[in-house]
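Student: I'd like to ask you about the structure that follows.
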Amino acid sequence: MIRLVVNGARGRMGRMVLEAASALPDVQVVAIVEAPGHPEADTRVATPWGALALRTSCEGLGGIVDAAIDFSVPKAAVGFIQDMAAQRIPLVSGTTGMSQADLHAVGEAALQAPIVWAANTSIGVFAMHELAAMAQRLLGPDYDIELVEVHHRHKRDAPSGTALSLARRLTDATHLRTVTGREGECGPRDDNELGVLAVRGGEVVGDHTIHFLGPHDRLEITHRAASRMAFAQGALALARRIIGRPAGLYSVADLLADHP
């Protein structure tokens, strides 16, 4: 039995993780966490595993849980990750909007415990990264690359963490540089650009399309999230694979590349 603690458990993604976990016979959520000041803090909340106290403190979880999953906001996520690492608890975080300082703190915490931080925990998005890299390699420099992402009107960060992750995959070890949006008299498109455009509206869970635009044809690779359940199930799959790993900061590719 895999025993989990979930941070941000009363948010949209936290609730989805609980629902996804309840469908797995070998997974049990034994602790749920929210930030201090949450209206349900220190009360007992109904879950598929019975009523659990909604914690605001993570003390004493070492030896009680096997892994942690975090979907929250950057400030709360960093504190939770540091608390888990101090107790040597493996962790998967899908919190987006992290600053460089936040990511540095996550990297420091990973010296104590195995941690995977992912802008998108969907297995389909991991496949999109792999397909995009293959297309770029096959099509070569004659094809311009542009990326468009669409998300719900409530999303706080732009471009999305997934879009930036895809852009990094396509610009690493190449001459390309990421341009986030264009405005005014910006001149003709530079051959070295990879444009990223963020669209916001409605209740779109998350769409990402990479356009490979050639002189005579074009290729588009699209991932559309129909439900946040894709992120929750992906996080649970990653949690299974992070358990037992040595301390360190892992990518989704590190955990999935050799695991069909």
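The values are calculated or read from the model by the stated rules, or taken from the named source; none is laboratory data. What you are looking at is a predicted structure, and each value in this text was computed from that prediction instead of being measured. Neighbour counts run over all protein chains shown; Cβ positions are idealised from the backbone, glycine included.
Student: So is ARG12 in contact with an Asp or Glu (Cβ under 6 Å, 6 or more places away or on another chain), surrounded by fewer than 19 Cβ atoms within 10 Å (Cβ to Cβ) and touching a residue at least 60 places away in the same chain (Cβ under 8 Å) or not?
Tutor: Spelling it out, it is not the case that ARG12 is in contact with an Asp or Glu (Cβ under 6 Å, 6 or more places away or on another chain), surrounded by fewer than 19 Cβ atoms within 10 Å (Cβ to Cβ) and touching a residue at least 60 places away in the same chain (Cβ under 8 Å).
Student: When you look at GLY63, is it on the phi > 0 side of the Ramachandran plot and touching a residue at least 40 places away in the same chain (Cβ under 8 Å), yes or no?
Tutor: So GLY63 fails the test.
Student: Let me ask something else about it. Report, by residue number, each residue of the range 127-163 that is touching a Gly at 6+ places or on another chain (Cβ under 8 Å) and assigned to a helix (DSSP H, G or I).
Tutor: Scanning the range 127-163 gives LEU139, ASP142, GLY161, THR162.
Student: Could I ask something else about it? Sort out which residues of the range 46-63 are surrounded by 15 or more Cβ atoms within 10 Å (Cβ to Cβ) and among the aliphatic types (A, V, I, L, M), and write them in order of number.
Tutor: Listed by number, the residues that qualify are LEU52, LEU54, LEU61.
Student: Please give the number of the condition ALA257 fails out of (1) surrounded by fewer than 14 Cβ atoms within 10 Å (Cβ to Cβ); (2) closer than 22 Å to THR171 by Cβ; (3) under 19 Å from the mean Cα position of the chain (by Cα); (4) modelled with pLDDT of 95 or more.
Tutor: The number of the failed condition is (4).
Student: While we're here: Could you tell me which of the residues VAL196, VAL204 is touching a Leu at 6+ places or on another chain (Cβ under 9 Å), hydrophobic (A, V, I, L, M, F, W, C) and closer than 30 Å to VAL78 by Cβ?
Tutor: Only one candidate passes the filter, namely VAL196.
Student: Quick check on my filter: what residues within the range 173-188 are outside any strand (DSSP E or B) and of a type in the set (S, T, N, Q)?
Tutor: Once the filter is applied, which keeps residues that are outside any strand (DSSP E or B) and of a type in the set (S, T, N, Q), the range 173-188 yields only THR174.
Student: Would you list the strands (runs of 3 or more DSSP E) that sit entirely within the range 15-77 and hold 3 or more residues that are hydrophobic (A, V, I, L, M, F, W, C) and in the same structural domain as SER93 (by TED's automatic domain parsing)?
Tutor: Per the criteria, 27-33, 50-55, 67-70.
Student: Filter the range 105-126 down to the residues that are within 21 Å of GLU149 (Cα to Cα) and in a helix (DSSP H, G or I) and list them by number.
Tutor: Selection gives ILE123, GLY124, VAL125, PHE126.
Student: ALA225 passes all but one of (1) at pLDDT 90 or above; (2) among the hydrophobic types (A, V, I, L, M, F, W, C); (3) within 16 Å of THR121 (Cβ to Cβ); (4) surrounded by fewer than 18 Cβ atoms within 10 Å (Cβ to Cβ); which number fails?
Tutor: (4)
Student: Just to be sure I understand the filter: pairs with C-beta atoms under 7 Å, separated by 6 or more residues or on different chains, first member in the range 177-191 and assigned by TED's automatic domain parsing to the domain that holds ILE145, second member part of a loop (DSSP other than H, G, I, E, B). Which pairs pass?
Tutor: If the second residue must be part of a loop (DSSP other than H, G, I, E, B), the pairs left are ARG177/ASN192; THR180/PRO159.
Student: Given the residues ARG200, ARG168, ARG156, ARG218, which is the only one that is among the basic types (Lys, Arg), at pLDDT below 95 and surrounded by 12 or more Cβ atoms within 10 Å (Cβ to Cβ)?
Tutor: ARG168
Student: For the subset of the range 86-104 comprising residues that are in contact with a strand residue (DSSP E or B) (Cβ under 9 Å, 6 or more places away or on another chain) and either among the β-branched types (Val, Ile, Thr) or surrounded by fewer than 23 Cβ atoms within 10 Å (Cβ to Cβ) (or both), which member is nearest to HIS151 (Cα to Cα)?
Tutor: Checking each candidate, the answer is THR95.
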